[in-house]
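The block underneath contains the structure these notes are about, expressed in structure tokens.
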Ligand SMILES: [Zn+2]
């Protein structure tokens, strides 16, 4: 075999007689770098050879990955104390600590375990990079000299605290650190599955805690190999860059003697010469931005989010110190306020990076709220309170609205944004659509009044990328506005306590700045991205109306008490503000309760977070939300006065039983007929006699459906549930007249829903009122069932009109297209 004739490392060029063998030419390697061996023609063995050379599973005894860590030594001592509360550092360090060793378990869910770590770095490690390696379940924060210094989480690929990048003889070799471990995972502590209720008895374990020498040169080389391998695999056999990357990587394996780091620079230079081969001018540009999407409460309570923010952001500032180009975008004024109040030292560091334009506040809202349920006023207040905070703290207003993760977007949002000085919007959630693929990534979104905002969906359909070649290629290929715009965003970093970006992600991206065959990737900020998009905006398309998410439709009915609390408090704050304003206008000395109202508004806005108001949170969060509403009800009172009895009505209500057993309720305006089960068979305006119930139909008909989604239990209600409709017809107590008339007439009845569930309803008609009121009390003990009540109407219209914030919206009542039937809840009533 020809290969056998080539001595390893010898210069060799194939002559004409070796034609079948491919040759790596000198262009990549630069001059005088690497002697080249024949790149043999078997693509698969070459690929797998490189894979094994960096594998974390195979051949660790002789491959490069196995050399990532050098010498190790155990810690001097580890002790711990456990508490059910989230206590501050200065309280924690005064607790009594007991010895614990690696392999022991601790905790139960939601507890905190504080570890006291005493360590001594061996003198002979001088000149080496030394890490504290810490692998435990739960989410950890390292404290040094009373300050948080590093967030650690195995799930977020953060298991090292860098003690020194190069140990000096003069450095203190002995140190005491504290590690605060929260007994919950990145995604809470669901029993069995992520979104299941938390397992209260879960145990957590400390799997590794030691000092190690970290070989940075091995790390850099591993990243080089990984990028080349990804290029080789993903660019495809039709692309010559795939082969160039593969042969370069193969050659690098030839060059590397893993036992001799002196051989590494030549391999690195070979990689670097390939990475520095540039693209043509037209190549797509990706704006990479570090990010860490932290849900303000979801599978964990608000209090844990405060610590998640600190753990994540301290990791971000550590990376910023080492990587001058690194930028990070961060939303939700509330989270900044939390860190300001609870971690002032960290906050001061963040403030400096904000000034440098690298830690970039985005979004302009108090929290990333639900996009459909808050009232118009609440949406305005989200921006008002958010922008006010960012202006006061950082002297800046956000230029873009940032809501990557909520369950649909009201058609009123463009107008609200424009009214709040924002003309740009970023999300990606519509990539979760179950039925239709949204046709754009960059477009103008037009609201109900014609307001338009430039909108961008990062084409990789994620806000938690890891900086891999695959994701950058997807960003380029998936862009549905190719030819219109040539810029997109790539948001990278572990969210929800994963601590955001890692050094590895930054190192990957730095190799893709401008490498022929890959999109250009640059560190960026939203302003740079949107400015570039604005320059190209002439050819962009416009999407009119709501951005409807074809998933999670069940969140509009889950945890109804949170939704009711929100609406009640919105009304309450509105009333207090109106009455306070009237009071000020009548008596200028009246002390308008601004500070108190701001505090209460912020509490209400917090509960509008996109996993709280929709009800997609755990019970613990729902309880917090209800407590906040209770606090909100204690708004300042504004006095009262007695109301005079009104005069007897001109047209009293009459409630009468007919011969056939039905009951008629009328007040001169309305005429309604109900049967023994409380179903309305006829409803007429008295003047016109126009019937509004279709022939043979029933209004106020209770119906039960199965509610078993594909995965997101209680978040989703699937279209097929409509096929399981069962009318509820089991009477517990037939309709009887409760109030026969006068100012008010009413009837009551009761139905059995299931084995243990029932409902009691009072139907009320008031004098001079054009409305019938239905008050329903449900004793609900069903699982995976969905109770609805139907009101069919004798109106034919291809559209139904819905109230949204400060306006209305029409949705089709037919299912002509896939876009129509994906909104299956907006439907003609199918009964009877
Ligand atoms: Zn979220």
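Please treat every number below as a calculation from the coordinates, not as lab data. Just so we're clear, the structure is a prediction, and the values are computed from it rather than from any experiment. Methodologically, a virtual Cβ is constructed for each residue, glycine included, from the backbone with ideal geometry; neighbour enumeration extends over all protein chains shown.
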Quiz prompt | the stretch 694-762, relative contact order in percent, only Cα pairs under 8 angstrom and at least six apart counted | solution = 22
Practice problem: Rounded to the nearest 0.05, what FRET efficiency do residue 73 and residue 217 give with R0 = 22 Å and r taken as the Cβ-Cβ distance? Could you check? | Solution: 0.55
Quiz item: Per-residue ellipticity at 222 nm for the chain, helices alone: DSSP H runs ≥ 4 residues times -39500 (n - 2.57), over residue total, nearest 500 deg cm²/dmol?
Solution: -8500 deg cm²/dmol
Quiz item: Roughly how tilted is helix 560-586, in degrees to the nearest 10 and between 0 and 90, from the longest Cα axis of the chain?
Solution: 70
Quiz prompt | Computed lengthening from residue 191 to residue 782, 0.36 nm per intervening residue step minus Cα-Cα distance | solution = 210.7 nm
Exercise. For a quick protection proxy, order the peptides 702-713, 669-680 by their average other-Cβ count within 10 Å, most packed first.
Key: 669-680, 702-713
Quiz prompt | For the stretch 82-154 versus the stretch 196-212, the gap between their alpha-carbon centres in whole angstrom | solution = 13
Quiz item: Measuring from label point to label point, each 7 Å out along Cα→Cβ, what is the residue 102 to residue 199 span in nm?
Solution: 2.5
Self-check item: Two-site FRET efficiency, residue 352 against residue 720, from Cβ-Cβ distance with R₀ of 56 Å, rounded to 0.05
Solution: 0.55
Quiz prompt | Nitroxide proxy distance, nm - points 7 Å out along Cα→Cβ at residue 432 and residue 281 | solution = 4.2
Exercise. Could you please tell me the mean projected area of the C-alpha convex hull for the stretch 155-221, averaged over all directions and given in square nanometres to one decimal?
Key: 7.0
Practice problem: Average the reciprocal distances over every distinct pair of alpha-carbons in the stretch 69-214, invert the result, and give the Kirkwood radius in Å. | Solution: 15.8
Self-check item: Shape category assigned to the stretch 41-106 from the gyration tensor of Cα positions, a/c cut at 1.5
Solution: prolate
Exercise. Give me the Kirkwood hydrodynamic radius of the stretch 405-547, using the inverse of the mean 1/r over all pairs of distinct Cα atoms, in Å to one decimal.
Key: 16.0
Quiz prompt | Potential extension, residue 528-residue 731 segment - 0.36 nm per residue separation minus Cα distance | solution = 66.6 nm
Exercise. Work the Kirkwood hydrodynamic radius out for the chain: mean of 1/r over every pair of different alpha-carbon atoms, inverted, in Å.
Key: 31.0
Quiz item: Measuring from centroid to centroid over Cα atoms, what is the spacing of the stretch 795-812 and the stretch 648-709 in Å?
Solution: 24
Quiz prompt | Gyration tensor (alpha-carbon) shape descriptor, the stretch 554-633, a/c threshold 1.5 | solution = prolate
Self-check item: Translational D in µm²/s for the stretch 663-819 (Stokes-Einstein at 25 °C, 0.890 mPa s, Kirkwood Rh from C-alpha pairs)
Solution: 139
Quiz item: What FRET efficiency comes out for the pair residue 712/residue 514, r = Cβ-Cβ distance, R0 = 45 Å, nearest 0.05?
Solution: 0.65
Quiz item: Distance from the Cα centre of the stretch 352-367 to that of the stretch 445-499, in angstrom?
Solution: 19
Practice problem: Output the relative contact order of the chain, whole-number percent, from Cα pairs under 8 angstrom with separation of 6+ residues. | Solution: 10
Quiz item: Could you give the Stokes-Einstein D for the stretch 567-689 in µm² per second, using the C-alpha Kirkwood radius, 4 °C, 1.567 mPa s?
Solution: 67
Quiz item: What is the Cα convex hull volume of the stretch 502-563 when expressed per residue in Å³?
Solution: 233
Quiz item: Relative contact order for the stretch 440-509: what is it in percent, counting Cα pairs under 8 Å that are at least 6 residues apart?
Solution: 32
Quiz item: residue 83 to residue 396: extension gain in nm, 0.36 nm per residue of separation minus the Cα-Cα distance?
Solution: 108.7 nm
Exercise. Extending each Cα 7 Å along its Cβ direction at residue 599 and residue 48, get the distance between those two points in nm, one decimal.
Key: 6.8
Quiz prompt | Modelled label reach - residue 743, point 7 Å along Cα→Cβ, the stretch 619-657 residues with backbone N closer than 11 Å | solution = 643-649
